[in-house]
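Enquirer: Sharing a structure, written as structure tokens. Questions coming.
The values are calculated or read from the model by the stated rules, or taken from the named source; none is laboratory data. All values derive from a computational prediction rather than experimental measurement. Every residue, glycine as well, gets a Cβ built from its backbone with ideal geometry; the counts of neighbours run over all protein chains shown. These area figures cover heavy atoms from the full protein model, side chains too; ligands, DNA and RNA do not enter into them. Shrake-Rupley method; radii C 1.70, N 1.55, O 1.52, S 1.80 Å.
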Protein chains: 2
Amino acid sequence: MKIIAADEFIEKSKPSYSQNLDIDQTVLSIINNVQQNGDEALYSYTKKYDLVQLDNFLVSEKEIDEANDSVDKDFTLALKQAKDNIISYHSNQRETSWFTESTNGTLLGQKITPLDRVGIYVPGGKAAYPSTVLMNGIPALIAGVNEISITTPVNRAGKVNPYVLAAASLLGIKRIYKLGGAQAIAALAYGTETVNKVDKIVGPGNSYVARAKKWVFGDVAIDMIAGPSEICILADEDANPTYIAADLLSQAEHDEEARAICITTSSCLAEKVRNEVYQQLDKLERKEIASSSIENYGRIVLADSLENAFQIINELAPEHLELMIENPTEKLPYIKHAGAIFLGSYSPEPLGDYFAGPNHTLPTSGTAKFSSPLGVYDFVKKSSIIHYSKEALLQASDQIVKLASTEGLTAHANSILVRKEDEDA
Amino acid sequence: MKIIAADEFIEKSKPSYSQNLDIDQTVLSIINNVQQNGDEALYSYTKKYDLVQLDNFLVSEKEIDEANDSVDKDFTLALKQAKDNIISYHSNQRETSWFTESTNGTLLGQKITPLDRVGIYVPGGKAAYPSTVLMNGIPALIAGVNEISITTPVNRAGKVNPYVLAAASLLGIKRIYKLGGAQAIAALAYGTETVNKVDKIVGPGNSYVARAKKWVFGDVAIDMIAGPSEICILADEDANPTYIAADLLSQAEHDEEARAICITTSSCLAEKVRNEVYQQLDKLERKEIASSSIENYGRIVLADSLENAFQIINELAPEHLELMIENPTEKLPYIKHAGAIFLGSYSPEPLGDYFAGPNHTLPTSGTAKFSSPLGVYDFVKKSSIIHYSKEALLQASDQIVKLASTEGLTAHANSILVRKEDEDA
């Protein structure tokens with residue numbers, strides 16, 4: 001893990017337009033095939049990529065019951081507490097319709113309506129991601145989405161991970177497709193005989209899933225195109241190097257491209273953190289992945305001052321930011337860009353991943369400069385409401401006509417004029 | 001203009017992934033060239049496409065002063081009133097940061113931060129779109145965006161439309177680039193010597209601009225990919241056919257692909273509307289465009305009942321919806337999907353385009369099912385805040401460890417365990 005000076009630390013991610021041109025060919029042919037051949041294409045891709053021949057890709061009630069029976073009680077209790085916390089936090093994000101009026105009879109407003117149908121992609125196969133189900137499903141439920149479906153790849157026995165099913169069951173989500181990859185995204189975006197077309201697709205996935213989401217974007221809404229996961233820890237000389245190292249590694253174990261960065265004003269702490277990282281690394285189950293991530297992308301950056309550190313952070317716009325400094329809450333005004341901000345020594349990133357309540361779907365790769373965590377706001381949309389009285393329209397008519405005419409849109413002007421002429425007549 | 005029964009009315013737009021594959025080659029080569037060669041590429045595209053050799057593509061203060069002197073007083077007054085109305089409406093969209101606390105020391109919250117830099121694309125050349133400047137600029141200003149720039153193509157004399165400059169000047173926007181097309185989008189997305197990279201690109205444009213926005217999406221935020229403009233008017237037998245026809249035509253004059261649809265329960269009204277459309281069409285300046293739109297896409301749909309009409313509307317999810325029916329406000333609960341809803345006979349769509357206050361940038365082509373009008377919320381983003389006390393973390397530690405271990409992410413579990421062990425020791 002390299003220790004570097006602040007001015008050596010410049011990271012540029014490749015522009016998205018040029019990425020993955022190889023993947024695109026595959027992804028586009030999958031999307032096209034699913035659109036043309038529906039379920040048939042889905043069965044054949046599942047056979048090809050998941051190596052299993054399904055005769056029905058809808059999870060049955062029996063399978064859900066079996067999953068609920070098979071998961072252990074401690075897991076269920078922990079999941080329920082996480083669910084309660086996530087509901088509690090996200091309930092604060094509810095928006096309400098509003099109206100304003102004027103005495104001349106104008107009424108203007110904004111109406112909030114939930115999306116009709118949402119599809120959640122849950123990665124799977126070997127691994128289990130019940131937390132993905134909660135973090136994507138709960139904001140959709142709070143928003144009032146009518147139909148929530150889940151799609152997730154199966155293992156070679158044709159089964160969905162029981163923890164994922166238990167989490168879906170806990171939220172009352174019953175429409176679960178045994179589908180993974182770009183074909184699942186295509187099916188949700190355009191519909192097939194079995195899969196209902198949705199209005200928005202959310203959830204993480206591999207590079208084929210991500211690229212398929214980019215292609216169907218516009219025909220259907222998507223949450224975001226997630227890049228590798230990142231953590232940035234700002235630490236002063238009094239911070240605990242053991243905690244910092246553990247938190248850096250919790251990010252590094254995600255995948256080889258994950259980025260774990262520590263920024264500190266103390267070169268003494270920098271050394272301690274590096275030593276701790278290597279000590280802890282040795283004991284990790286996912287040592288190989290974490291090690292590769294730490295060597296290639298892990299950095300300890302020496303900042304000249306806290307101000308300098310804030311500058312670097314705002315340029316980086318990290319997905320996860322931990323502030324292990326004195327009085328971290330008072331420093332919030334200096335943080336402009338980060339997906340989630342963890343304050344103090346007892347707010348490690350995994351607390352947010354699973355439990356505290358805020359969403360773990362966060363903007364990556366610097367997109368926190370312009371994107372938000374997934375939230376209830378992602379599952380509703382707004383409509384503007386405009387009502388003018390006759391009096392109010394006639395009063396405004398000359399000005400509207402003037403603006404429309406300036407833009408050369410005379411039929412626009414005419415729509416006002418036919419009403420005015422009626423009055424004048 | 002065809003009069004058809006409700007069950008004949010099925011519209012499907014082409015999926016986006018297969019569209020514009022020809023345009024893509026051009027657009028990608030432009031993006032690539034701008035990234036490689038910066039300003040030099042911009043000058044050469046401006047010469048090639050706008051047929052003018054510029055020696056500086058920043059609009060000067062002198063040019064802004066000249067524009068302000070050249071526009072007429074009535075226009076300025078109308079623009080100022082529109083500005084006031086737009087500010088008044090959008091001020092209701094301001095969001096505030098919030099926090100919640102628990103007695104065990106947890107503090108959770110959501111922090112709202114404006115975007116740093118936003119670029120507005122304003123179409124130009126022959127036409128003038130000062131309303132685009134107001135509708136995109138004002139929500140960004142209210143959000144607190146630090147740097148707002150405008151890019152707009154020039155005419156053959158190398159000049160920007162004076163009305164556009166006057167509108168920019170009214171909002172205090174001074175950074176204006178004489179750039180149009182995909183090259184302008186590329187410059188805003190990646191930056192050049194002269195053009196500052198932005199975090200979000202908003203504003204309408206031709207198909208090259210739209211496609212360029214789709215490609216840079218992810219590296220930079222975009223507002224939406226706009227399709228052809230649409231109006232849907234729901235009218236009962238008492239509605240005024242002259243008003244309806246005028247409003248349909250105000251949409252049809254936009255471009256040949258614009259969709260003007262009237263849904264009515266009265267076949268008598270349907271006939272009257274059709275006659276009025278043809279009568280008014282003859283007198284329009286933009287008759288050819290409007291006529292083509294009306295013939296190809298204009299429809300009068302006979303619904304069996306209001307319920308049936310609401311069903312069609314929610315399926316269509318029109319950009320603009322006018323309700324020319326009895327007690328329109330009481331019918332709002334039945335409208336799920338529409339960009340903007342205009343209530344009653346004196347709320348024609350052009351009122352919303354220019355003047356009333358709500359935004360005129362609206363979701364098109366059925367995307368109102370999942371997208372919102374442009375608003376202040378498009379120019380801010382959220383960060384989650386998580387603070388746990390030592391007590392609170394220790395209390396939750398077993399459950400977090402359980403969830404992380406179930407997902408096989410043992411370094412995540414370890415980040416909790418190192419803190420717990422410290423306590424136990």
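Enquirer: Give the residue, chosen from A:167, A:143, A:186, that is under 29 Å from residue A:32 (Cβ atoms) and either of a type in the set (D, E, K, R) or within 13 Å of chain B (Cβ to nearest Cβ) (or both).
Expert: Checking each option against the conditions leaves just A:186.
Enquirer: Still on this model: Quick check: anything in segment B:270-280 on the phi < 0 side of the Ramachandran plot, assigned by TED's automatic domain parsing to the domain that holds residue B:117, free of Cβ contacts under 8 Å to residues at least 40 places away in the same chain and not charged (D, E, K, R)?
Expert: Checking segment B:270-280: not a single residue is on the phi < 0 side of the Ramachandran plot, assigned by TED's automatic domain parsing to the domain that holds residue B:117, free of Cβ contacts under 8 Å to residues at least 40 places away in the same chain and not charged (D, E, K, R).
Enquirer: Just give me the residues in segment A:363-376 being open to solvent by 10 Å² or more (accessible area, probe 1.4 Å) and either in contact (Cβ under 8 Å) with a residue 40 or more places away in the chain or among the β-branched types (Val, Ile, Thr) (or both), in sequence order.
Expert: Correct list: A:365, A:366, A:367, A:369, A:371.
Enquirer: If I ask for residues that are small (Gly, Ala, Ser), open to solvent by 20 Å² or more (accessible area, probe 1.4 Å) and within 18 Å of residue B:81 (Cβ to Cβ), which ones from segment A:377-422 would you list?
Expert: Hits for segment A:377-422 are A:389, A:405.
Enquirer: What residue, of A:240, A:196, is surrounded by fewer than 24 Cβ atoms within 10 Å (Cβ to Cβ), closer than 30 Å to residue A:280 by Cβ and of a type in the set (S, T, N, Q)?
Expert: Just a single option satisfies the conditions, and that option is A:240.
Enquirer: Can you tell me which residue in segment A:319-345 is most open to solvent (accessible area, probe 1.4 Å), limited to those that are in contact with a Leu (Cβ under 9 Å, 6 or more places away or on another chain) and more than 9 Å from chain B (Cβ to nearest Cβ)?
Expert: Residue satisfying both the conditions and the ranking: A:334.
Enquirer: Here is a further query. For residues that are facing chain A (nearest Cβ under 7 Å), modelled with pLDDT under 95 and out of contact with any helix residue (DSSP H, G or I) (no Cβ under 8 Å at 6 or more places or on another chain), tally how many sit in segment B:380-422.
Expert: Summing the residues that are facing chain A (nearest Cβ under 7 Å), modelled with pLDDT under 95 and out of contact with any helix residue (DSSP H, G or I) (no Cβ under 8 Å at 6 or more places or on another chain) in segment B:380-422 gives 1.
Enquirer: Ok, one more. Which of the following residues is within 28 Å of the chain's Cα centre (by Cα), of a type outside the set (A, V, I, L, M), at pLDDT 95 or above and within 24 Å of residue A:207 (Cα to Cα): A:22, A:39?
Expert: So the residue among A:22, A:39 that is within 28 Å of the chain's Cα centre (by Cα), of a type outside the set (A, V, I, L, M), at pLDDT 95 or above and within 24 Å of residue A:207 (Cα to Cα) is A:39.
Enquirer: Let me confirm something: among A:255, A:223, which residue is without any contact (Cβ under 8 Å) to a residue 40 or more places away in the chain, within 28 Å of residue A:370 (Cβ to Cβ) and open to solvent by 10 Å² or more (accessible area, probe 1.4 Å)?
Expert: Testing whether each residue is without any contact (Cβ under 8 Å) to a residue 40 or more places away in the chain, within 28 Å of residue A:370 (Cβ to Cβ) and open to solvent by 10 Å² or more (accessible area, probe 1.4 Å) leaves just A:255.
Enquirer: Can you name every residue in segment B:236-247 that is in contact (Cβ under 8 Å) with a residue 60 or more places away in the chain and within 14 Å of chain A (Cβ to nearest Cβ)?
Expert: Answer for segment B:236-247, where residues must be in contact (Cβ under 8 Å) with a residue 60 or more places away in the chain and within 14 Å of chain A (Cβ to nearest Cβ): B:239, B:240, B:243, B:244, B:246, B:247.
Enquirer: Which condition breaks for residue A:65 when tested against (1) within 12 Å of chain B (Cβ to nearest Cβ); (2) open to solvent by 30 Å² or more (accessible area, probe 1.4 Å); (3) out of contact with any helix residue (DSSP H, G or I) (no Cβ under 6 Å at 6 or more places or on another chain)?
Expert: The one condition residue A:65 does not meet is (1).
Enquirer: I want to confirm something. Restricting to segment B:152-165 and keeping residues that are at pLDDT 95 or above and open to solvent by less than 10 Å² (accessible area, probe 1.4 Å), which single residue is farthest from the chain's Cα centre (by Cα)?
Expert: B:165
Enquirer: Oh, and also: Cβ-Cβ under 7 Å, sequence separation 6+ or interchain: first residue in segment B:97-118 and more than 9 Å from chain A (Cβ to nearest Cβ), partner of a type in the set (Ser, Thr, Tyr) and open to solvent by less than 30 Å² (accessible area, probe 1.4 Å). Which pairs?
Expert: B:104/B:389
Enquirer: Additional query: Would you call residue A:93 touching a residue at least 40 places away in the same chain (Cβ under 8 Å), closer than 24 Å to residue A:135 by Cα and open to solvent by 60 Å² or more (accessible area, probe 1.4 Å)?
Expert: When the stated conditions are applied, residue A:93 does not pass them.
Enquirer: Something else about it: Open to solvent by 20 Å² or more (accessible area, probe 1.4 Å), more than 7 Å from chain B (Cβ to nearest Cβ) and farther than 30 Å from residue A:227 by Cβ: is that true of residue A:425 in this structure?
Expert: yes
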